[in-house]
Each structure stands twice: as structure tokens, then as C-alpha cells.
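We did not get these values from a lab; they are worked out from the coordinates using the rules stated. Only a predicted model underlies this, so the values are computations on that prediction, with no experimental measurement involved.
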Amino acid sequence: MKGGLFLALNVFLLLHVVCGCPEMCLCRQSTKTVNCNNKGLAEIPTNVPSETRILYLQNNNIQAINNSAFVNTPWLTIIDLSNNSISSLPSNAFLGLHFLQTLNLTNNLIHDLENNIFNPLQNLTELDLSSNNIVNLPESLGNSTDRLTLLTVKHNQLQSIDRALLDSLSNLKTFLFKDNPWQCSCQAVGLKLWLESFLYRGGIIDEVVCLTPENWKGKDLLKIPYEFYVACHPQKTHILLSNTQLHNLEQQNNGKHGQNAQSRDRNVSDCEVKSKPRPVSIRHAIATVIITGVVCGIVSLMMLAAAIYGCAYAAIMAKYHRELKEVEHLAPATELGSPEEKEPLDGSLA
């Protein structure tokens, strides 16, 4: 009996050694981490310990994620699949990962994402999709992605983002966009207004640099005046604006452009941003310059009048003092009289 127990124990230990950690990977039981970096793997290992919390798979040759690839590792909180050759994500790729918080898919070959692809990830907070070939993001990443606090889509081929997707990311704190060929015509107004609202709420972004149209190439979308988008379907624009909850901006633009926008032709087909409109800010600047010039002119005239008055007063006073001195100089001579008048009286009697 003892021999049978010993044999069973050995078989158990052998199975634990064989099945407990994927070949060529490094497993740390204390941190429940499996490190398979730089191992030349062509697929995701199937014998990862079920209790694993962190799985590193970067710098391999993985080309696809099989359906339910992680179904046997439900406790994963971090998966790093960066620097592989993954070109697509099947609908059930992340099935069972209810506790996953961080997913890194940087530097792969992903072109498209299915709608609600990350729906199983109920606790996902950080998603990095940088350096892929993503052309479009779906209307929704998943019904549970409202927990996302960090989303990175840098270095892709994105020209626009659906406003419905942006509105679903209610807890997002950081959104990184740069190095995409952004299209900044009328279709970008939703993104622009959402970004303004996001920044107002304390969000962090890098920059959305326009590639088209030509007159905005190289320009940050946030630095394009909102007035240039007034011609883009006025009713739709004002609906988007109300959704951003930027009441100050709404009041400002309604007051300045409401009547003009309603009178424009609403059948604009190309909806291109006008290149040479005259923004309200420029008209205000011109009015300010004119008013300032008038005020400065009046002040200058007053100063000139004061100077003339001062000079005239000084000249009159100087003349007055000269005449006064002449009078004072002649007064002694008049009092002394001529030599004949000064002869003594008795001399004339002699």
C-alpha cells in the first residue's frame, strides 16, 4: 500500500512539473506570474497554470489568438501580448477573463476590431492598442468597458472615432491619439467637442493633429476655432454640443451665430470646412482696435490742448514779469527827477 501511495505521489509531482509551467517559460509561484517573453512562440501556450495572475507573452511570433485561449486561466489580471504578429481578434478571444485589468496589444498587425470585442472584460481599466494598423474603431468596445481609465490608440491609421464610442467611456482619464491621419472636416466636430468636454472634466490627452483637409494639415484639432464648423449641418452640430455639457460654449456660439446658421443652406453636400470665413473673434478684435484708437486720439488731443494752454500761460506770465520789471526799473528815476529840479531853492532866489 505504501508503494502504491508513493507511486501516486510521484505521478502527481511529475504531472505538476510537466503541466504546471509551459515549456521555455519562467513561472513564479509567489507572484503567480508566467513569463514567456522572447521565446519564439507561434501561439499562446495552453498549459498555463490556472491560478496565474500575470502573463507576459511579448516579443514572440504569435499570429492569432484562438477562441477561448484564456478560458483555463480565469484569474488573469494582466496580459501583455505586445510585439507579436497578431492580425485579428476573434469574438471569443477573451472569454472568461472577468478579472482582467490590463491588456497590452501594442505593436501588432491588428486591422479591425469587432463590435463589443472586449465585452467579457468586466474589470478592464487599461487598454493599449498602439502601433497597429487599425483603420476604424467600433461603435462599442464592450458593454463593460465603462471602467476603462486608460485607452491608447497611438500610431494607427485612424481618421475618425465614432461619437457613440467616446460617450460610452464614462470613466476614462487618459486618451492618447497622436500619429494618426486624422480627418478634420465636418466629421471631426463630434470628436472636437468631446475632447473639449473631456479636458474640462480633467482628462489627459496628447494631441489630434490633422492630416486633411489641406488647409488644416499639421494643425491640432483643438486649436481650430469652433466658428469654422458652424456651416456643418447646424442642427446636428448643436445637438452634439449639448451632449458635451459645455454650457458656456453653447451660449456663446448660439448668441453669435444662431441666426446666421439658421439662414444658411442646409443642403451642404460636401460639408467641407470653409477656408476663409471671418471669425467673430477677428471682428471683435477690429472693433476693439477702433475703440482703442478713438480713446487714445481723444486723450492725445486733451494732452495737446493742455500743452498749448500751458505754453500760452507761461508766455503770458513771462511777458507780465518782463513788463513788471521794466516798471520797477523806471520808478526810481521818476522819483529822483532831473538835475534842474534837484537844485536848492535858495540858489534860485539868489
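Roughly speaking, what % of Cα-Cα pairs in region 285-335 are separated by over 14 Å, rounded to a whole number?
The proportion of pairs with Cα distances above 14 Å equals 71 percent.
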What share of the DSSP beta bridges in region 19-180 is antiparallel, in percent to the nearest 5? 15 percent
If each part is reduced to its alpha-carbon centroid, region 94-144 and region 22-88 end up apart, in Å, by 16 Å
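In the structure shown, do any of K39/K154; K173/K223; K173/K217; K178/K219; K192/K217; K178/K217 have a Cα-Cα gap over 19 Å, and if so which? Could the numbers behind the result be given before it?
Details: K39/K154 27 Å; K173/K223 21 Å; K173/K217 27 Å; K178/K219 12 Å; K192/K217 16 Å; K178/K217 14 Å.
Violating the 19 Å limit, Cα to Cα: K39/K154; K173/K223; K173/K217.
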In order through region 35-50: 3J(HN,Hα) via Karplus (6.51 cos²θ - 1.76 cosθ + 1.60), integer Hz, x for Gly, Pro: 10, 10, 5, 6, 10, x, 5, 9, 8, 6, x, 9, 10, 6, x, 5
